[in-house]
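The values are calculated or read from the model by the stated rules, or taken from the named source; none is laboratory data. Note that the structure is a prediction, hence the values are computed from the model and not measured. Note that each Cβ is placed from the backbone with ideal geometry, even for glycine, and that neighbours are counted across all protein chains shown.
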Amino acid sequence: MDPVPGTATFAMPAAAYDGFMGRYSTMLAVPFADFAGIRPGVRALDVGCGPGALTAELARRLGAASVAGCDPSPHFLAACRERNPGVDLRAGSAEQVPFDAAGFDAVLAQLMLHFVGDPERAAAEFIRVARPGAVLAACVWDLGGDMQLLRSFWDAALSIDPDAPAEARGLRFGRQGEIAGWLADAGLADVTEATLSVTSEYTDFDEVWATMLAGVGPAGSYCAALPPEPRQALRAAWFAGLGRPSGSLTLRASAWAARAVLPGEPPG
């Protein structure tokens with residue numbers, strides 16, 4: 001069963017994700033790892049690792065033997081294994097993390113909380129697999145604000161289709177304070193919130209449009225499923241909403257991030 005609307009739209013080859021969102025998540029992994037305080041000597045878990053954007057950054061900083069990850073998508077997990085040899089990667093979800101208790105100094109989740117069916121159970125699992133003093137951190141796109149690719153797309157969709165999916169109006173954890181509140185509600189202390197920003201370059205609007213046609217994520221799935229005429233109307237509305245760019249363009253993407261510390265002596 002698809003726990004959250006849109007989750008099944010990530011069940012596809014990793015290459016499709018790379019062109020659509022991977023171009024952002026790879027860059028986001030650097031400031032997110034900085035924000036989480038990832039440093040040599042810790043053991044880190046990437047929950048919802050996907051094709052491995054954050055996994056690769058963790059392995060670069062810590063060495064593959066000090067990194068683990070899990071994801072429910074077989075396609076994404078296979079790609080992550082291929083790209084990150086030596087990392088302990090297992091099939092599993094945020095609500096059922098497939099690792100033993102108290103095994104990690106950092107438990108991270110990049111761009112996946114939107115699609116967790118039971119966030120409270122996920123928080124309990126993050127805490128279970130963390131050691132005393134460990135850092136727990138998560139981030140998601142600011143869908144109501146400065147995630148320009150998705151916000152401009154959904155604004156265009158709503159302009160031609162008032163009945164566009166719920167994702168057009170935002171998802172849980174996509175607003176300021178929501179991730180921090182999730183951590184605090186789980187009983188964690190020292191909760192800190194930040195905004196992380198990256199950009200992506202496109203040769204032209206045709207490249208932007210092509211990324212949606214692969215059908216990745218809720219936005220891509222919605223676009224690819226439209227009949228030809230409304231799809232062309234959406235393309236025209238989106239092009240206009242982005243200012244009718246005549247050449248290359250840069251799109252901004254901001255994410256809400258929050259971190260907390262598990263009570264106890266810190267690692268190391």
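Observations on the model:
- Total residues in region 185-213, condition touching a Pro at 6+ places or on another chain (Cβ under 6 Å) and over 16 Å from Ser152 (Cβ atoms): 1
- If you go through region 175-225 and keep only what is within 29 Å of Ala123 (Cβ to Cβ) and part of a strand (DSSP E or B), you end up with Ala189, Asp190, Val191, Thr192, Glu193, Ala194, Thr195, Leu196, Ser197, Val198.
- Residue count for region 37-68 under the criterion of being in contact with a strand residue (DSSP E or B) (Cβ under 6 Å, 6 or more places away or on another chain), part of a helix (DSSP H, G or I) and surrounded by 24 or more Cβ atoms within 10 Å (Cβ to Cβ): the result is 3.
- Single match in His114, His75 (criterion: within 21 Å of Thr192 (Cα to Cα) and at pLDDT below 95): His114
- Residue within region 203-214 that is among the aliphatic types (A, V, I, L, M), free of Cβ contacts under 8 Å to residues at least 60 places away in the same chain, within 25 Å of Met112 (Cβ to Cβ) and surrounded by 13 or more Cβ atoms within 10 Å (Cβ to Cβ) present: yes
- Taking every residue in region 239-268 that is assigned to a loop (DSSP other than H, G, I, E, B) and pairing it with any residue that is modelled with pLDDT of 95 or more and among the hydrophobic types (A, V, I, L, M, F, W, C), at least 6 positions away or on another chain, the pairs with Cβ-Cβ distances below 6 Å are Pro245/Phe205; Leu262/Ala130; Leu262/Ala134; Pro267/Val42.
- Elements of type strands (runs of 3 or more DSSP E) contained in region 84-163, each with 3 or more residues being touching a residue at least 24 places away in the same chain (Cβ under 8 Å), polar (S, T, N, Q) and buried (at least 23 other Cβ atoms within 10 Å of the Cβ): none
- The sole residue among Arg252, Arg175, Arg235 that is in contact with a helix residue (DSSP H, G or I) (Cβ under 8 Å, 6 or more places away or on another chain), among the basic types (Lys, Arg) and surrounded by fewer than 18 Cβ atoms within 10 Å (Cβ to Cβ) is Arg252.
- Given (1) under 19 Å from Asp142 (Cβ atoms); (2) in a loop (DSSP other than H, G, I, E, B); (3) at pLDDT 95 or above, index of the condition Val30 fails: (2)
- Residue check for Arg172: of a type outside the set (S, T, N, Q) and not in a helix (DSSP H, G or I): yes
- Residues of region 229-263 that turn out to be touching a strand residue (DSSP E or B) at 6+ places or on another chain (Cβ under 6 Å), basic (Lys, Arg) and more than 30 Å from Glu125 (Cβ to Cβ), as a count: 1
- Qualifying position, being hydroxyl-bearing (Ser, Thr, Tyr), within 16 Å of the chain's Cα centre (by Cα) and within 30 Å of Gly41 (Cα to Cα), among Thr199, Thr195: Thr195
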